[in-house]
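The values are calculated or read from the model by the stated rules, or taken from the named source; none is laboratory data. Just so it is clear, the model here is predicted, and its values are computed rather than measured. All Cβ positions, glycine included, derive from the backbone under ideal geometry; neighbour counts span all protein chains shown. We work out accessible area using only protein heavy atoms, side chains counted, and drop any ligands, DNA or RNA first. Shrake-Rupley method; radii C 1.70, N 1.55, O 1.52, S 1.80 Å.
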Amino acid sequence: MHADQLNSRQLILTYKSMFHKILFALIIPVALSGCASGYSQFYKPANGITPEFIAQMRASPPPSTPLVERIPPIDGAAATDAYSKRGYTLIGSAEFTSSRADSENSAIEQGKAVGADLVVILNPQYAGSESSVVPITTPTTTTTYSTGSATAYGKGGSVTAYGSGTSTTYGTSTNYIPITIHKTNYGAGYFIKQKTIIGAQFRDLDDSERKKLQTNKGVVIRLVVDESPAFKADLLPGDILNSIDGIPILNSNQFSRLISERKGNEITIQLLRDGKNINAPVKLNP
């Protein structure tokens, strides 16, 4: 074997080695990014929720493994209200679209990481597919072999010389491999069981209610938590609260302050329901 043939083979092996290294370098980051769970990568705390808030507001320490429920994709506000009625507060959520399967265990592990009492997993939904091509470029070589002879004439006669050689050309070849990527929508909500003083959500009066009642004062109950003091006192969504222990309720901020100042005590709330004034005794949680 000629030395230039040996060098040619060594160069081809070098190209292949370089190609494999490049391909390996491209694949590894993709694989590593694929190892990260979408539930952790795309987790977002709910508005205003901090670890300090969670520690202050939760009813009890987090369980070693959160409760898990599965539901079909529904309106986010409706789902949040449904769980709020059960005493849960949303602390964060994760929504993402992925071309690889993401397990429920990943959602549960994220729940453990954020201290959730309950993880609500949305049933995965097919989100369509995309077709594409992946270019793969490989090195190529073309080798040309040649032979020849030459005759020289002199006083002593003629002499013929024979020889051969090779010529190698190096290049690349690109092939396009078709691929189809199937995508799926994933989502999960993370909740804590919140301690409550009265167990109701409320809002300020809107303009139409102020006009009808001819007052700017009062708050409206929008949701009552099951088995809470408000629930046991038969407070209902839509009730308009006017006063606590004879003190007029001005707005939702003042109402929250009055409730906090009286936690653990029994209070009397004067409310308006269907045009009737009602005095409702309520024993607040401490």
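Criterion applied to Asp245, Asp206, Asp234 was being on the phi > 0 side of the Ramachandran plot, within 39 Å of the chain's Cα centre (by Cα), open to solvent by 40 Å² or more (accessible area, probe 1.4 Å) and at pLDDT 95 or above, and the one residue passing it is Asp234. Scanning segment 101-120 for residues that are touching a Gly at 6+ places or on another chain (Cβ under 7 Å) and under 15 Å from Ile54 (Cβ atoms) gives Val114, Val119. Yes or no: segment 94-102 includes at least one residue that is closer than 19 Å to Asn185 by Cα and assigned to a helix (DSSP H, G or I). Checked against the condition, which is being closer than 19 Å to Asn185 by Cα and assigned to a helix (DSSP H, G or I), segment 94-102 yields no hits at all. Considering segment 178-273, the qualifying strands (runs of 3 or more DSSP E), each wholly inside and each with 1 or more residues that are within 25 Å of Leu67 (Cβ to Cβ) and not polar (S, T, N, Q), run over 200-204, 219-224. Here Ser98 meets the list (1) modelled with pLDDT under 95; (2) within 14 Å of the chain's Cα centre (by Cα); (3) open to solvent by 30 Å² or more (accessible area, probe 1.4 Å); (4) not β-branched (Val, Ile, Thr) almost entirely, failing just condition (3). In segment 276-283, the condition of being in contact with a helix residue (DSSP H, G or I) (Cβ under 7 Å, 6 or more places away or on another chain) and open to solvent by less than 60 Å² (accessible area, probe 1.4 Å) is met by at least one residue. Residue count for segment 76-124 satisfying the condition of being at positive phi and in contact with a His (Cβ under 7 Å, 6 or more places away or on another chain): 0.
Checked against (1) assigned to a strand (DSSP E or B); (2) touching an Asp or Glu at 6+ places or on another chain (Cβ under 9 Å), Ser60 meets all criteria but (1). For segment 209-231, the tally of residues that are in contact (Cβ under 8 Å) with a residue 60 or more places away in the chain and either more than 29 Å from Pro45 (Cα to Cα) or open to solvent by 80 Å² or more (accessible area, probe 1.4 Å) (or both) stands at 1. Could you tell me whether segment 57-73 includes any residue that is among the hydroxyl-bearing types (Ser, Thr, Tyr), open to solvent by less than 70 Å² (accessible area, probe 1.4 Å), in contact (Cβ under 8 Å) with a residue 12 or more places away in the chain and under 21 Å from Ala36 (Cβ atoms)? Looking through segment 57-73, none of the residues is among the hydroxyl-bearing types (Ser, Thr, Tyr), open to solvent by less than 70 Å² (accessible area, probe 1.4 Å), in contact (Cβ under 8 Å) with a residue 12 or more places away in the chain and under 21 Å from Ala36 (Cβ atoms).
The C-beta contact set for segment 247-260 (first residue polar (S, T, N, Q), second residue open to solvent by less than 20 Å² (accessible area, probe 1.4 Å), distance under 7 angstrom, 6+ apart or interchain) comprises Asn251/Val219; Ser252/Val219.
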